[in-house]
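Below is one structure, written out as structure tokens; comments come after it.
The values are calculated or read from the model by the stated rules, or taken from the named source; none is laboratory data. What you see is a predicted model, and the numbers here were worked out from it, not measured in a lab. FYI the Cβ positions are ideal-geometry reconstructions off the backbone, even for glycines, and counts take in every protein chain you see.
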Amino acid sequence: MATPDSTTPFAATKKCPHCGRWTEWQQRPTDRCQHCGQELEPHRAAADEHRQQQADAPLSDRLMLIEIKPDDNPVIKFFKYIIRGGQLAFGALMAFFVWLVTVAAG
């Protein structure tokens, strides 16, 4: 690893979790140790992939609303719509309270 002088910008370094030596780090999830060749952040790539999968998931999966199936009985569909409306009203009420507390806190 080169020693920095006054003409080079500051370089980021990170301690390798595998070999314990300090290595240059570009703050990318694919960066590897200059000494042992292992990934500097092995958990970060998996976390980024999981985050992307959650972002690509349909909205109904993230909101956890009751599922209304097309083959449900009309009476069951009616009550499920009532329950879903209650779920959405509860979410809107909680969002309003969070907004109100945030505004009150300044």
Residues Leu88, Leu63: which one is under 27 Å from the mean Cα position of the chain (by Cα) and at pLDDT below 80? Leu63
Modelled with pLDDT of 85 or more and of a type in the set (Asp, Glu): is that true of Asp31 in this structure? yes
Region 18-33, subset farther than 10 Å from Arg44 by Cβ and in contact with an Asp or Glu (Cβ under 7 Å, 6 or more places away or on another chain), residue surrounded by the fewest Cβ atoms within 10 Å (Cβ to Cβ): Arg32
Got at least one residue in region 46-57 being within 30 Å of Leu88 (Cα to Cα), free of Cβ contacts under 8 Å to residues at least 24 places away in the same chain and not in a helix (DSSP H, G or I)? yes
